[in-house]
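In what follows, a structure is listed as structure tokens, so that the remarks can point back to it.
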Amino acid sequence: MQLAAIIVSLVLIVVGVALFARALLQIYNFMRLGQNVPAGTRTDEPGRRTVTVVREFLGHTRMNRWGVVGVAHWFVAVGFFSLLLTIVNAIGQLFQADWLLPVIGEWAPYNVFVEFIGTMTVLGILALIVVRQLTHPRKPGRKSRFAGSNFGQAYFVEAVILIVGVCIFMLHALEGAQHHVDGYEASFFISYPVVHWLEGMDVSTLQNLTYFFAGLKIATSFIWMITVALKTDMGVAWHRFLAFPNIWFKRNAGGETSLGALLPMTSGGEPIDFEDPGDDDVFGVSQVEQFSWKGLLDFSTCTECGRCQSQCPAWNTGKPLSPKLLIMSLRDHAHAKAPYLLAGGGKTMEGAEKASEEQLKDVPAAALAEAERPLIGTAEENGVIDPDVLWSCTTCGACVEQCPVDIEHVDHIVDMRRYQVMIESAFPSEAGTMLKNLEKKGNPWGLAKKQRLEWTKEVDFEVPVVGKDIEDLSEVEYLYWVGCAGALEDRAKKTTKAFAELLHIAGVKFAIMGGDEKCTGDSARRLGNEPLFQELGMENVMALNTAFGEELDDDGKVTAESRKPKSAKKIVATCPHCLNTLGNEYPQLGGDYEVIHHTQLLQHLVDEGKLIPVTPVEGIITYHDPCYLGRHNKIYTPPREIIGKVPGLRNEEMHRHKERGFCCGAGGARMWMEERIGKRINNERVDEALSLNPDIVSTACPFCLVMLTDSVNGKKNDGKAKESIQVVDVAQLLLDSVRTPVDPAGEAETESEPEPEPVK
């Protein structure tokens, strides 16, 4: 047994190490096929990036949001890396059954560590096996986050970990038996009952058991290594290696999720100049090799856990998009096409082959066939990604927020959309109307710019306009960016007027733009029309910089002499999409402003006592987190603080809230597209709200307000919602509580005896 174990183990070790080294080189060369990224964007602040990796791994900051799964996975992950010396120990035990590691082999702290982590690794993987079985999709459907994952690969990995963990435990117990441990001690505080049982066996039996478990441990470990080396697209195994570089190279060195701003379009690692693009510039992604190397790394890192899928509003409402299946499809396609690409294959913009027949003669037929598949195409076209998958995305960011290995799904979806829009002109027809309106009128509704100021005639106080009532914004504390919806959409205008009145009551000096401003370009950019976003954005940046009193040079850039600090350029917005674009994306265009959301300012004014809610608003309220306010900008507390200050309200949270909040369905330019597949996302969200039987559904975004109101009104008409239920913005809610109630005679009542007033 000893001789057989030695021979088999040594052969497997040599083959495994050689193949694994080759696989690492293959993966490195495969990643290099992707486009470069702009210099420094993925490698800045190396020390901070390293701290982020350590924190995310040791703290399991994403996984631990999932309770017992996070804890179990922590022990499995830590055990895999921290117990590597047990392989060395097992090799030694093949030659001498009672062999111990030099120096630390008899050191109690090391033995305690091996005992504890080894045991917890076994218990951890058993817990994960049970979780997988309990959530296994026994029938076709979407309820399980594992639907569509490779179960065979997962079972193989789980079996390997379980076998190796049991072997570590048994080998440690055999050490105790062979070294005559005759009572409980720290080094064997868990395994002593097994040690005591083994001590009743003769020396020969103990040695043979040692050879067996040592050989089994080594064979299992290196069979696993050989398997994953031969299958480099096995994400459920490779993520334990690739997750570290994927986290290290994430967009934000400090560890923040890759949400908020979208990345500018690049070609060959350089930003594209849309006024004078290069002849070889690549617009968007139409071939898998046109993704950046970070994108290819993302695809290979996916562990198929399905957390993204479980949170995706599209997947949860019967649409073809699953972020997990999207990434898996891109990974499988990229790895299948890799031999062709590594041989020099590729297509020109005209579709001609770049490589010679000589270069491609040794490429497998399967790789050549994969190279002919369109990246985006229907099933009839044998496409890798169906167009309906791309257009189902609301860019809500739930997938990015939940991914434990920091895959940047939204960026990849938008990159593919960019090609479809800019090169193929292939996108939902309704969105074309929105784009034309933006081009001609500067707003998605196609209304005249003079209508942007119509709402100011509906309030009984003066609203200063920059360039008309005041020279520039140095005379006020805030620029109120009203936005297209806030100025032009009837329901959103109620929020605009309520917020302006609250600022007036609180004595906050503010002003608005004069109507020449245009849409920030959020919907255009997320649809994929980057040039239109750039055009709208640069016009707005020039207008804003001028409004803030900065001088511009001939190119429209701020001169160094007139440049003001960011803190001197304060903007408040009621629309989270405007907030995100102005604050996170306009710095890419030369506009650097301090942008806050209206709920943040209102909370501050309430805390300072400048706004005092006194009128009770009776009833149950539930608050819907807008995706671009919450996940994209991490603003969760201010709206809830305001609701908490309004007397009479009882806040009930929906099951999906804050980081796990559910989208209204309007993001990613979906506001302007028909929802023809599956259940409407806004109906799904409203059904969740109505399950709490609320009197008020509140939000803090004009897009959400429109979507939720439409759904609630539809359910009222169908008799599925009570007629009294209201959908309001937090600002409207606060205004009705701050106002002093008025008696029938028209005289203000005292604040000591307020009467409830309906929310307007």
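The values are calculated or read from the model by the stated rules, or taken from the named source; none is laboratory data. Since we're looking at a predicted model, the values are computed, not measured. All Cβ positions, even for glycine, are placed from backbone atoms using ideal geometry, and neighbour counts span all protein chains on display. Surface accessibility is based on the protein's heavy atoms, side chains included, excluding ligands, DNA and RNA. Shrake-Rupley method; radii C 1.70, N 1.55, O 1.52, S 1.80 Å.
Taking the listed residues Phe95, Phe151, the one that is out of contact with any strand residue (DSSP E or B) (no Cβ under 9 Å at 6 or more places or on another chain) and open to solvent by 50 Å² or more (accessible area, probe 1.4 Å) is Phe95, with no other qualifying.
All of (1) among the small types (Gly, Ala, Ser); (2) without any contact (Cβ under 8 Å) to a residue 60 or more places away in the chain; (3) under 22 Å from Lys324 (Cβ atoms) hold for Ser149 with one exception: (2). Listed by first and then second residue, the pairs with beta-carbon distance under 6 Å, at least 6 apart or on different chains, first residue in segment 94-117 and closer than 17 Å to Val203 by Cα and among the β-branched types (Val, Ile, Thr), second at pLDDT 95 or above and exposed (fewer than 15 other Cβ atoms within 10 Å of the Cβ), form an empty list. Scanning segment 638-664 for residues that are under 26 Å from the mean Cα position of the chain (by Cα), crowded, with 17+ Cβ neighbours inside 10 Å and in a loop (DSSP other than H, G, I, E, B) returns Met654, Arg656, His657, Gly661, Phe662, Cys663, Cys664. Selection of segment 191-211 for residues being among the acidic types (Asp, Glu) and in a helix (DSSP H, G or I) yields an empty set. Of note, Thr232 does not satisfy the criterion of being crowded, with 17+ Cβ neighbours inside 10 Å, under 21 Å from the mean Cα position of the chain (by Cα) and β-branched (Val, Ile, Thr). Scoring Glu353 on the criteria (1) of a type outside the set (A, V, I, L, M, F, W, C); (2) open to solvent by 40 Å² or more (accessible area, probe 1.4 Å); (3) modelled with pLDDT of 95 or more leaves a single failure, condition (3).
Against the condition open to solvent by 60 Å² or more (accessible area, probe 1.4 Å), part of a helix (DSSP H, G or I) and at pLDDT below 95, how does Pro140 come out, does it pass? Spelling it out, it is not the case that Pro140 is open to solvent by 60 Å² or more (accessible area, probe 1.4 Å), part of a helix (DSSP H, G or I) and at pLDDT below 95.
Of everything listed in (1) open to solvent by 40 Å² or more (accessible area, probe 1.4 Å); (2) outside any loop (DSSP other than H, G, I, E, B), the single unmet condition for Pro264 is (2).
Whenever a residue of segment 584-604 is free of Cβ contacts under 8 Å to residues at least 24 places away in the same chain, its partners that are buried (at least 21 other Cβ atoms within 10 Å of the Cβ) and in a helix (DSSP H, G or I), lying with C-beta atoms within less than 9 angstrom and at least six residues away or across chains, give the pairs His604/Pro638.
Checked against the criterion of being over 25 Å from Arg631 (Cβ atoms) and either among the charged types (D, E, K, R) or at pLDDT below 95 (or both), the candidates Gly306, Gly268 yield just one match: Gly268. Among the conditions (1) modelled with pLDDT of 95 or more; (2) open to solvent by less than 70 Å² (accessible area, probe 1.4 Å); (3) under 25 Å from Pro245 (Cβ atoms), the only one that Ala90 does not satisfy is (3). When restricted to residues that are under 28 Å from Met225 (Cα atoms), open to solvent by 60 Å² or more (accessible area, probe 1.4 Å) and not in a helix (DSSP H, G or I), segment 1-50 contains 2.
The residues of segment 673-693 that are in contact with a Pro (Cβ under 6 Å, 6 or more places away or on another chain) and open to solvent by 10 Å² or more (accessible area, probe 1.4 Å) amount to a single one, Met673.
Can you tell me which residue is nearest to Ile125 (Cα to Cα) among those in segment 159-189 that are aliphatic (A, V, I, L, M) and touching a His at 6+ places or on another chain (Cβ under 9 Å)? Talk me through it step by step, then tell me what you get.
In the first step, residues of segment 159-189 are kept if they are aliphatic (A, V, I, L, M); the result is 159-164, 166, 168, 170-171, 173-174, 177, 181, 186.
Remaining after also requiring touching a His at 6+ places or on another chain (Cβ under 9 Å): 177, 181.
Working: Ala177: 26, Val181: 29 Å.
Within segment 159-189, the match that is nearest to Ile125 (Cα to Cα) is Ala177.
Condition check ((1) of a type outside the set (Phe, Trp, Tyr); (2) more than 29 Å from Cys396 (Cα to Cα); (3) open to solvent by less than 10 Å² (accessible area, probe 1.4 Å); (4) modelled with pLDDT of 95 or more) across all residues:
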residue: Val508; (1), (2), (3), (4): yes, yes, no, yes
residue: Thr520; (1), (2), (3), (4): yes, no, yes, yes
residue: Ala524; (1), (2), (3), (4): yes, no, yes, yes
residue: Asp554; (1), (2), (3), (4): yes, yes, no, no
residue: Glu561; (1), (2), (3), (4): yes, yes, no, no
residue: Leu582; (1), (2), (3), (4): yes, no, yes, yes
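Taking the condition of being crowded, with 22+ Cβ neighbours inside 10 Å, under 17 Å from Arg739 (Cα atoms) and aliphatic (A, V, I, L, M), how many residues in segment 609-637 meet it? Residues flagged as crowded, with 22+ Cβ neighbours inside 10 Å, under 17 Å from Arg739 (Cα atoms) and aliphatic (A, V, I, L, M) within segment 609-637 amount to 2. Pairs meeting the criteria (first residue in segment 1-22 and over 11 Å from Ala219 (Cα atoms), second residue of a type outside the set (A, V, I, L, M, F, W, C), beta carbons under 7 Å, at least 6 apart or on different chains) are Met1/Asn208; Met1/Tyr211; Gln2/Tyr211.
Of all residues in segment 154-196 being among the hydroxyl-bearing types (Ser, Thr, Tyr) and surrounded by fewer than 17 Cβ atoms within 10 Å (Cβ to Cβ), which is farthest from Ile117 (Cα to Cα)?
Here the answer is Tyr155.
Set side by side, the residues Ala253, Ala243, Ala237, Ala214 differ, and just one is open to solvent by less than 20 Å² (accessible area, probe 1.4 Å), in contact (Cβ under 8 Å) with a residue 60 or more places away in the chain and not in a helix (DSSP H, G or I), which is Ala253.
For Ala745, the conditions (1) hydrophobic (A, V, I, L, M, F, W, C); (2) at pLDDT below 95; (3) surrounded by 14 or more Cβ atoms within 10 Å (Cβ to Cβ) all hold with the exception of (3).
Among residues that are within 22 Å of the chain's Cα centre (by Cα), at pLDDT 95 or above and over 18 Å from Val730 (Cα atoms), Gly630 is not included. Does Phe533 meet the test of being under 28 Å from Thr266 (Cα atoms) and either open to solvent by less than 40 Å² (accessible area, probe 1.4 Å) or in contact with a helix residue (DSSP H, G or I) (Cβ under 9 Å, 6 or more places away or on another chain) (or both)? Yes.
Among the residues of segment 359-389, the ones that are open to solvent by 30 Å² or more (accessible area, probe 1.4 Å), assigned to a loop (DSSP other than H, G, I, E, B) and of a type outside the set (D, E, K, R) come to 5 in all.
Tallying residues that are assigned to a helix (DSSP H, G or I) and more than 44 Å from the chain's Cα centre (by Cα) within segment 66-112 yields 4.
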